[in-house]
1. With each label point set 7 Å from Cα along the Cα-Cβ vector, what nm distance links TRP16 and THR125?
2. Let me spell out the model: positive unit charges on the Cβ of Lys and Arg, negative unit charges on the Cβ of Asp and Glu, origin at the Cα centre of the chain. What dipole size does that give, in debye rounded to 20?
3. Compare GLY87, GLY188, GLY245 in a GNM of the chain, Cα atoms joined below 10 Å, and give the one with the largest fluctuation.
4. Obtain the nm distance between the two label points defined at ALA24 and GLN160 by a simple spin-label model: each point lies 7 Å from its Cα along the Cα-to-C-beta direction.
5. Between ASP46 and ALA65, what is the label-point separation in nm under the 7 Å Cα-to-beta-carbon projection?
6. Mean residue ellipticity at 222 nm from the helices of the chain, using -39,500 (n - 2.57) per DSSP H segment of n ≥ 4 over the full residue count, to the nearest 500 deg cm²/dmol?
7. Rounded to whole Hz and in sequence order, give me ³J(HN,Hα) for segment 125-134 from the Karplus expression 6.51 cos²θ - 1.76 cosθ + 1.60, θ = phi - 60°, writing x for Gly and Pro.
8. In the neighborhood of LEU192, defined by Cβ-to-Cβ distances under 13 Å, what is the net charge if each Lys or Arg adds +1 and each Asp or Glu adds -1?
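Where a number appears in this text, it was derived from the coordinates with a stated rule and is not lab data. Computed from a predicted structure; not experimentally measured. Reconstructed Cβ throughout: ideal geometry from the backbone, glycine too, with neighbour counts over all protein chains shown.
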Amino acid sequence: MPDEQTERRVGRLARWPRLQALHALIRRTLIPAERTMHRLRLQRADELLQPWPVTAPDRHPALFALAAERLAGTAEPRILSFGCSTGEEPITLARYLPQARIDGLDINPRNVAEARRKVAAAGLTRITIAEAGSPPTGPALYDAVFCLSVLRHGELDAYQPERCTAILPFRRFAETVAALDLVLKPGGYLFLWGCNFRFADTATATDYDPVPTPAMALQDGVFYGPDDLRLPIAFTREFVFRKRGGKGQDAGSGW
Ligand SMILES: C[S@@+](CC[C@H](N)C(=O)[O-])C[C@H]1O[C@@H](n2cnc3c(N)ncnc32)[C@H](O)[C@@H]1O
């Protein structure tokens with residue numbers, strides 16, 4: 001990564017719109033992580049969702065605590081962290097759910113390499129990290145699926161265009177949640193914090209009930225509907241969902 005002084009100098013260029021292309025080129029030249037993201041944008045545009053790898057340890061304590069509470073009675077829960085970035089999310093999940101087996105997936109090979117290093121350094125043998133640009137296929141084996149700050153795009157937040165089509169269309173959101181649904185067990189939990197879309201607008205949502213999250217602040221941001229048009233809303237309160245079926249079914253609140 002470049003030092004702070006280089007970041008500041010390069011950052012100043014971005015204040016002038018006509019210099020933004022030059023700014024992006026300089027960043028790609030100086031910052032290996034930006035080069036990888038640029039390559040993903042060119043070569044895997046059909047798969048790439050949120051390109052930015054921003055993450056942090058214990059980023060959403062209330063969500064992780066909720067998962068720990070809901071899965072406390074499951075002997076060896078299986079958890080998917082889709083878009084796990086540099087590994088902080090699966091590592092945090094392992095702290096909250098030490099009995100779990102956790103699979104972390106990310107499309108970005110640099111993130112995957114770093115995540116593997118961190119997991120190995122922490123000695124967490126129940127976590128596996130793999131490179132993938134789409135949810136796994138196969139049986140519904142996960143008790144919880146985390147897809148946090150992945151079904152969004154920094155440019156939608158920054159520029160808030162009227163339509164999201166050119167940056168990240170609703171169709172990609174709907175397809176991804178449908179694919180995640182296929183690997184989630186009945187009765188399992190889908191954590192969708194940080195999306196630019198509402199789960200309730202998808203066909204997949206008809207099989208789910210929202211789980212109240214009183215300990216978690218509402219999620220604000222810019223939101224788009226199934227027609228790709230910006231919605232006149234500034235936040236959502238629904239970002240955890242339980243798939244109907246399975247044992248110990250809650251009375252669903254429905255939509
Ligand atoms: C903002 S980070 C979120 C990291 C973590 N989930 C969190 O909330 O802290 C978004 C991550 O999604 C990954 N990503 C984007 N598109 C993806 C795709 N199609 N498949 C898997 N990972 C993807 C990016 O590489 C990036 O690491």
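1. Each label point lies 7 Å from its Cα, and together they span 5.9 nm.
2. 640 debye
3. Per the Cα network of the chain with a 10 Å cutoff, GLY245 tops the list.
4. 2.2 nm
5. Result: 4.4 nm between the two label points.
6. Taking each H run of at least 4 residues, the total per residue is -10000 deg cm²/dmol.
7. With coefficients 6.51, -1.76 and 1.60, one gets 7, 8, 10, 10, 10, 9, 8, 7, x, 8 Hz.
8. Counting the neighbours of LEU192, the net charge comes to +2.
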